[in-house]
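Student: Mind having a look at this structure? Questions to follow.
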Amino acid sequence: MARFFLLLLLTLFSAATALRRSEFPPSFLFGAGTSSYQIEGAYLDDNKGLSNWDIFTHIQEGRFGSINPAGVKFYNSLINDLLRKGIQPFVTLNHFDIPRELEDRYGSWLSSEMQEDYVYFAELCFKMFGDRVKHWTTFNEPNLMAKLQYFSGRYPPNHCSRPFGKCASENSSTEPYIAAHNIILAHAKTADIYRKNYKGEKQLLRNQIDFIGINHYKTLYVKDCILSPCELDTYNGDALVYELAERNGIPIGKPTPVANNYVVPTSMEKLVMNLKQRYNNTPMYITENGYAQIGNSSTPAEELINDTERLSYIRDYLTYLGYAIRKGADVRGYFVWSLMDNFEWLSEITGVYYVDGNNLVGNLKKCIRKHIFKKIYLLCLFDHFSATLTGM
């Protein structure tokens with residue numbers, strides 16, 4: 001259920017040409033993200049309860065249990081090992097997967113009961129790990145949770161209705177809004193409990209957020225469908241916009257191996273500056289950003305390891321992020337996605353650490369082997385910073 005961002009304060013870098021550490025604030029954090037379900041596996045180990053994704057990808061039954069001491073021990077060990085290596089954990093409490101039992105009992109996010117179970121889970125995490133974890137986020141991409149689970153039906157519980165998808169039943173016009181309503185209230189209640197009981201703040205939650213987390217991958221043109229005629233866009237539905245990758249026959253950017261994903265580095269600056277203005281320069285973290293690449297059996301391992309496209313991508317997006325920061329945007333950190341090749345839900349998108357899915361052997365990508373982060377023995381987080389970031 002949880003996701004870990006692996007963070008460190010960077011002080012040492014190898015020689016490079018394009019981008020300097022001094023272009024970012026001294027306290028700026030660089031890191032890499034992972035998601036528990038996407039990298040851990042072992043779905044039947046240590047008395048782990050089944051999640052909705054376990055059912056979706058493996059089997060068709062589930063069970064309910066109390067707090068699992070083996071799971072607590074696993075995350076205690078992970079957090080402690082990160083801290084020993086000088087890596088600061090940022091934890092996201094929910095990254096799409098939930099206990100299957102809650103789906104069976106009352107329909108998960110379609111029921112207000114889910115708010116209470118989520119808050120209970122979150123407070124347990126605060127109690128068990130909060131002495132060492134100081135940065136928490138509540139949900140990963142809640143907008144996509146509502147859309148992909150209850151509108152298009154691509155993700156479990158696979159609810160949708162025509163013409164937006166081909167599911168057994170349910171209603172794409174109402175369920176996404178019900179789910180989003182419960183997710184928002186679960187977030188609000190959790191944040192309120194954390195501030196009052198774990199930060200000692202008695203302030204009202206209304207209109208107050210600690211920071212904005214930005215997951216940025218895709219840049220497209222959009223066409224207004226309120227005043228302009230549009231083809232039916234079953235993905236965007238009630239948003240009444242139509243997405244286009246080209247204008248006047250010219251692609252918006254360099255294509256990647258993943259459909260409708262283009263390299264548009266300037267979008268990073270534009271996005272951040274827009275949020276700076278819209279939300280009164282609330283602190284921001286780039287919680288996910290990475291190069292879209294499909295890792296399948298037809299792609300040679302050597303090509304995946306010698307990952308030059310990701311090098312250019314990270315360098316260029318960080319360059320434009322630096323521009324926004326120098327224009328006054330309060331951006332406090334950047335997390336590349338993902339630390340390692342992972343189960344990317346319905347596809348395989350490679351990370352900065354190559355994993356051979358056939359024999360589970362890992363291999364640091366060639367650019368990592370230069371050990372850019374001199375103090376990091378566990379991870380060597382970024383695979384392309386030897387040509388991206390230099391010393392002060």
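Student: SER108 - would you say it is among the polar types (S, T, N, Q), over 20 Å from ASN215 (Cβ atoms) and out of contact with any helix residue (DSSP H, G or I) (no Cβ under 6 Å at 6 or more places or on another chain)?
Tutor: No.
Student: So which of SER267, SER298 ends up being assigned to a loop (DSSP other than H, G, I, E, B) and either free of Cβ contacts under 8 Å to residues at least 12 places away in the same chain or assigned by TED's automatic domain parsing to the domain that holds GLU344 (or both)?
Tutor: Result: SER298 is the single residue among SER267, SER298 that is assigned to a loop (DSSP other than H, G, I, E, B) and either free of Cβ contacts under 8 Å to residues at least 12 places away in the same chain or assigned by TED's automatic domain parsing to the domain that holds GLU344 (or both).
Student: Right, TYR177: outside any loop (DSSP other than H, G, I, E, B) and exposed (fewer than 15 other Cβ atoms within 10 Å of the Cβ) or not?
Tutor: Taking the combined requirement at face value, the residue satisfies it.
Student: Which of the residues spanning the range 50-94 are of a type outside the set (S, T, N, Q), assigned to a loop (DSSP other than H, G, I, E, B) and either modelled with pLDDT of 85 or more or surrounded by fewer than 16 Cβ atoms within 10 Å (Cβ to Cβ) (or both)?
Tutor: HIS58, ILE59, GLU61, ARG63, PHE64, GLY65, ILE67, LYS85, GLY86, ILE87
Student: Where residues in the range 145-175 are among the hydrophobic types (A, V, I, L, M, F, W, C) and touching a residue at least 24 places away in the same chain (Cβ under 8 Å), which of them is farthest from SER108 (Cα to Cα)?
Tutor: Top of the filtered list is PHE164.
Student: Something else about it: Could you check ASN280 against (1) loosely packed, with under 15 Cβ neighbours inside 10 Å; (2) polar (S, T, N, Q); (3) assigned to a helix (DSSP H, G or I) and say which number it fails?
Tutor: The failed condition is (3).
Student: If you don't mind, another one. Which of the residues spanning the range 281-308 are over 21 Å from HIS135 (Cβ atoms) and at pLDDT 85 or above?
Tutor: TYR291
Yes/no matrix, rows are residues, columns are (1) closer than 29 Å to TYR155 by Cα; (2) among the aromatic types (Phe, Trp, Tyr); (3) over 20 Å from the mean Cα position of the chain (by Cα):
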| residue | (1), (2), (3) |
| --- | --- |
| CYS225 | yes, no, yes |
| THR266 | no, no, yes |
| LEU271 | yes, no, no |
| ASN280 | no, no, yes |
| ILE294 | yes, no, no |
| LEU304 | yes, no, yes |
| ASP307 | no, no, yes |
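Matching residues to (1) under 27 Å from ARG154 (Cα atoms); (2) modelled with pLDDT under 85; (3) aliphatic (A, V, I, L, M); (4) not assigned by TED's automatic domain parsing to the domain that holds GLN115:
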residue	(1), (2), (3), (4)
ARG195	no, no, no, no
GLU201	no, yes, no, no
ARG206	no, yes, no, no
LEU232	yes, yes, yes, yes
ALA239	yes, yes, yes, yes
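The values are calculated or read from the model by the stated rules, or taken from the named source; none is laboratory data. Model, not experiment: these values are computed from the prediction. Using ideal geometry, Cβ is built from the backbone for each residue, glycine included, and neighbour counts are taken over all protein chains shown.
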